[in-house]
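To keep things clear, I will list the structure first and then write my remarks on it.
What follows draws every value from the coordinates through simple rules; no lab data is involved. All values reported here derive from a predicted model rather than from experimental measurement. Quick reminder, even Gly has a Cβ in these numbers, built from the backbone with ideal geometry, and neighbours come from all protein chains shown.
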There are 2 protein chains.
Amino acid sequence: MPFISIGDLNEKEIIPGYSGRAMHTGTMTYMYWTVDEGAIIPEHAHMHEQVATVLKGKFELTVDGETQLLEPGKVAVIPPNVKHGGRAVTPCELLDVFLPEREDYKF
Amino acid sequence: MPFISIGDLNEKEIIPGYSGRAMHTGTMTYMYWTVDEGAIIPEHAHMHEQVATVLKGKFELTVDGETQLLEPGKVAVIPPNVKHGGRAVTPCELLDVFLPEREDYKF
């Protein structure tokens, strides 16, 4: 079944203010986030490559010590094991793509 | 440099009505399309896994003989070597993620 409605996926609050719906393709995990204004994700790192996209809103992201404001049209490519964290400047809809799959997002 | 503005990437019309900007991460290619209303991409297949996302507009996609209307919030996961094609019902902005990288989109 190649077609997936994001709204049909289970939603889970992973950390306060960050609720996600996860789609797993077998090779990648697509995580669709709804984020509350002001919510902070502390700096962290993981073995997955990550591409961070803001679908709606403004999100301040720090990658390896460099901070920039992401909006639709500006993305971040985060290599494996590189520290990153951020803050929702407005309510946001985000898409994070992880390679390989995030086993911890299988809920 | 982890931050990339899509508008800074080179744009190329790949087939009539489909202009794309390609971002290559080393493992994946992110292709950001601007598509004219009514433009058709004929059925084709490739060895890359593909996840098709409509960022703006409505796009009618056929995957392995099944046709559905994609809009923001509904995506398609196209396995390697599976035939697919489609038509822009409205002017569209699309994001296709390919795994592995599309060598033919390095322009």
Self-check item: Long-range HN-HN contacts of B:GLU49 with modeled amide H, under 5 Å
Solution: B:LEU99
Quiz item: Summing +1 for each Lys or Arg and -1 for each Asp or Glu, what net charge is found among the other residues whose Cβ lies under 13 Å from the Cβ of B:THR90?
Solution: -2
Quiz item: Over the alpha carbons of chain A, what is the largest minus smallest coordinate on each principal axis, giving the biggest first in Å?
Solution: 39, 27, 26
Practice problem: Select from B:VAL77, B:VAL54, B:VAL89 the residue whose mean-square fluctuation is largest in a Gaussian network model of chain B (Cα-Cα springs shorter than 10 Å). | Solution: B:VAL77
Self-check item: Given A:LYS83/B:LYS106; A:LYS12/A:LYS58; A:LYS58/B:LYS56; A:LYS12/B:LYS106; A:LYS74/B:LYS56, the pairs whose alpha carbons are separated by over 27 Å
Solution: A:LYS83/B:LYS106; A:LYS12/B:LYS106
Quiz item: Listing A:ILE6, B:ILE41, A:ILE15 from the residue with the fewest other Cβ atoms within 10 Å to the one with the most, what is the order?
Solution: A:ILE15, A:ILE6, B:ILE41
Quiz item: How far apart are the A:PHE107 label points across copies, placing each 7 Å from Cα toward Cβ, in nm, shortest first?
Solution: 4.2
Self-check item: Cβ-defined net charge surrounding B:ASP104, 15 Å radius [Lys, Arg +1; Asp, Glu -1]
Solution: 0
Exercise. Calculate the length of the line joining the C-alpha centroid of the range B:14-92 to that of the range A:26-59, in whole Å.
Key: 23 Å
Quiz item: Given Cα pairs under 8 Å that are at least 6 residues apart, what percent is the relative contact order of chain B?
Solution: 33 percent
Quiz item: Tell me, A:GLU103, B:GLU101, B:GLU71 in order of fewest to most beta-carbon neighbours within 10 Å?
Solution: A:GLU103, B:GLU71, B:GLU101
Exercise. Once the label point is placed 7 Å from Cα along Cβ, list for A:ASP36 the distances to the corresponding points in the other copies, in nm, shortest first.
Key: 4.8
Quiz item: What are the label-to-label distances in nm, one decimal and shortest first, from B:ASP64 to the same spot in the other copies, with labels 7 Å along Cα to Cβ?
Solution: 3.8
Quiz item: In what order do B:LEU94, B:LEU99 fall by count of nearby beta-carbon atoms within 10 Å, going from fewest to most?
Solution: B:LEU99, B:LEU94
